[in-house]
Structure formats: structure tokens, C-alpha cells
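Undergrad: Quick one: the structure is below, questions incoming.
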Amino acid sequence: MLKTYDPALTGLRGQTITGTARYGKFLDLVTEPAGTEGSGGKLHLIVHLARAGWLRWRDSLPDKPPRPGKGPLAFRLRFTDGAGFDLTEAGTRKRLAVYLVTDPAAVAGIASLGPDPLDPAFTPAVLEAILAGRRTQVKGVLRDQKVIAGIGNAYSDEVLHAAKMSPFRLAASLTPAEVAELHAVISSTLREAIGRAAGLAAGDLKAEKKAGLRVHGQAGQPCPVCGDTVREVSFADSALQYCPTCQTGGKPLADRRMSRLLR
Ligand SMILES: [Zn+2]
């Protein structure tokens, strides 16, 4: 899971966490040598949890390092008071990533991020320029981290549902009014999600995220807006969920994988 080797992880010994930051889906714990805040020597411990990764806060961790094994534990950080956190990753596809760098831009995934949709500089005109000329589906554009940072698979489903827009609409085909509406719901959807999560303990975040989702991961459940059944389109590596009545004029989208199985 560790993607960097210089500086070594042992460089964290004696550092104090003095700040936090977020770049898209990357989390940054900013550390400085204890007692010298602001005088340099910053190290950034950067984590990308990927789809199956999670952070578990522990009030008390054993002082002996864990034995290497096949369990979900990928990384452990223990503070001098014995508290700390574990990074765990379920499943066999190991994509959780940890970086220790002196500059966050040294992480390729951060350097290549598109604009952050919560940045005041992300105006409707910026979104319009991003979508113009893209003959690709708006769902794919919204979840591409190099195009727009931080929305991803779950919140692109939520944004498109709130915008009453088909995930298969071609990005370039959106009218200026649709772009303005999409821009507004990107902002409101993300702000509401962050507002619900703010202040929660790490252990409560996943349940809160799930409870706040209207269509993502809700296939078979009633749409909270219109009551129609939320449907799903499956791909090799992921799935999207949507409401036919709210988003596609009542027509279910073709699910190529399903139709292949049924043939
Ligand atoms: Zn609906």
C-alpha cells in the first residue's frame, strides 16, 4: 500500500499533526517536527482509501507492531498517547494507497486532478468549458478525477438524479440551462454530503454516507422523489443507479451485461 520510499515512514517519528487537507479523494495529514510549527520540515501523510479501504480510529492500540498477515489491516499509525488509527482494505483488489511526501504535488494522482467543484473558481462557465466538445456520457465525465476532482461514482449518481438527467446523455449535448442546473446540483449535493459528515466520528461516516444516498446503491428501492423503482446498469468493474421516472422519461436504460445474460 505504501507508494513512496523517500522520505521513509520512520520520518513520522517525533512529528505532530498540525493540519489536514483534502485533494479530490486524497486525504492529507500535515505533520511538522514537534514544537517547531511553521518552521519547515513538513511531511504530508497522504491516504487514498479507494473503494474498499477504510479508516478505523482506535482509542488504544497495542504498542507492539501487528504481525504481518492476510487480514484487512494495511497500515497502522500510533500516537504517543497510544491512540491512533488503522487503515483497512476488504477484498482481494488492493488499491488503498499511502504516500509520505514533502509536497502533495509529488503524488501523481493529485498533480493530475481536475478542478475541485467546491472551489469558488469552479463557475458554471468552467463546467461548460469542460463539457463542451466531449462526445462522452456525462456520467463518465463527472466521475473522471482528471476532469473534475472528488465526485466519483457514488456522487455522480446522486448529482445526475438531482439534476433529473440521464447518465447516458452526451456531455456536449447539454444546453446552457442544463449546464447551469448541473453546476448548481453538483455544488448543493456535495455541500449537503459534507455537511452531514462534518463532526462525525470516523466509525459513523460510512453509515451516514449510505443513509444520505438517494439512488446510488439503492437498486430495487423506491426513489425518494417519485416512488419509481431505482434501477441499475452494470459494467465490468462498477455499476450505476438511476431513477427512470426522474431521469430517463420512464424508460429503463439498456443494461448490456444483463441482456447478454438473458439472451
Ligand atoms: Zn424518481
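The values are calculated or read from the model by the stated rules, or taken from the named source; none is laboratory data. The model shown is predicted, which means the values in this text are computed figures rather than measured ones. Backbone-built Cβ (ideal geometry, glycine too); neighbour counts: all protein chains shown. Surface areas here come from the heavy atoms of the whole protein model, side chains and all, with no ligands, DNA or RNA. Shrake-Rupley method; radii C 1.70, N 1.55, O 1.52, S 1.80 Å.
Undergrad: Are any of the residues in the range 181-197 of a type in the set (Asp, Glu) and either more than 16 Å from the ligand (Cβ to nearest atom) or more than 20 Å from the chain's Cα centre (by Cα) (or both)? If you could, list the steps in order and put the result at the bottom.
TA: Start the filter on the range 181-197 by keeping residues that are of a type in the set (Asp, Glu), which leaves 181, 192.
Of the ones still in play, those that are also either more than 16 Å from the ligand (Cβ to nearest atom) or more than 20 Å from the chain's Cα centre (by Cα) (or both) are 181, 192.
Yes, because at least one residue in the range 181-197 is of a type in the set (Asp, Glu) and either more than 16 Å from the ligand (Cβ to nearest atom) or more than 20 Å from the chain's Cα centre (by Cα) (or both).
Undergrad: Here is a further query. Can you confirm whether Gln218 is within 12 Å of the ligand (Cβ to nearest atom), touching a residue at least 12 places away in the same chain (Cβ under 8 Å) and outside any loop (DSSP other than H, G, I, E, B)?
TA: no
Undergrad: Quick one: how many residues across the range 232-243 are open to solvent by 10 Å² or more (accessible area, probe 1.4 Å) and either among the aromatic types (Phe, Trp, Tyr) or near the ligand (Cβ under 9 Å from one of its atoms) (or both)?
TA: 1
Undergrad: Just one of Ala90, Ala129, Ala121 is open to solvent by 10 Å² or more (accessible area, probe 1.4 Å), touching a Pro at 6+ places or on another chain (Cβ under 9 Å) and free of Cβ contacts under 8 Å to residues at least 12 places away in the same chain; which is it?
TA: Just a single option satisfies the conditions, and that option is Ala121.
Undergrad: Return only the number of the condition from (1) open to solvent by less than 30 Å² (accessible area, probe 1.4 Å); (2) outside any loop (DSSP other than H, G, I, E, B) that Ile17 does not satisfy.
TA: Of the numbered conditions (1) open to solvent by less than 30 Å² (accessible area, probe 1.4 Å); (2) outside any loop (DSSP other than H, G, I, E, B), the odd one out for Ile17 is (1).
Let's see how each residue does on (1) crowded, with 18+ Cβ neighbours inside 10 Å; (2) more than 25 Å from Pro115 (Cβ to Cβ); (3) not aliphatic (A, V, I, L, M):
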| position | (1), (2), (3) |
| --- | --- |
| Ser156 | yes, no, yes |
| Arg169 | yes, no, yes |
| Ala172 | no, no, no |
| Leu182 | yes, no, no |
| Gly203 | no, yes, yes |
| Lys209 | no, no, yes |
| Pro224 | no, yes, yes |
| Thr245 | no, yes, yes |
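Undergrad: Got a sec? Which of Ala254, Ala201 is closer than 22 Å to Arg134 by Cβ and either touching a Lys or Arg at 6+ places or on another chain (Cβ under 9 Å) or more than 13 Å from the ligand (Cβ to nearest atom) (or both)? Outline the logic, then answer.
TA: Values: Ala201 fails: closer than 22 Å to Arg134 by Cβ.
When all the criteria are applied, what remains is Ala254.
Undergrad: Between a first residue in the range 153-175 that is at positive phi and a second residue that is modelled with pLDDT of 95 or more and within 14 Å of the ligand (Cβ to nearest atom), which pairs have beta carbons less than 8 Å apart while being 6 or more apart in sequence or on different chains?
TA: Here the result reads Lys164/Cys246; Lys164/Gln247, each pair linking the range 153-175 to a residue that is modelled with pLDDT of 95 or more and within 14 Å of the ligand (Cβ to nearest atom).
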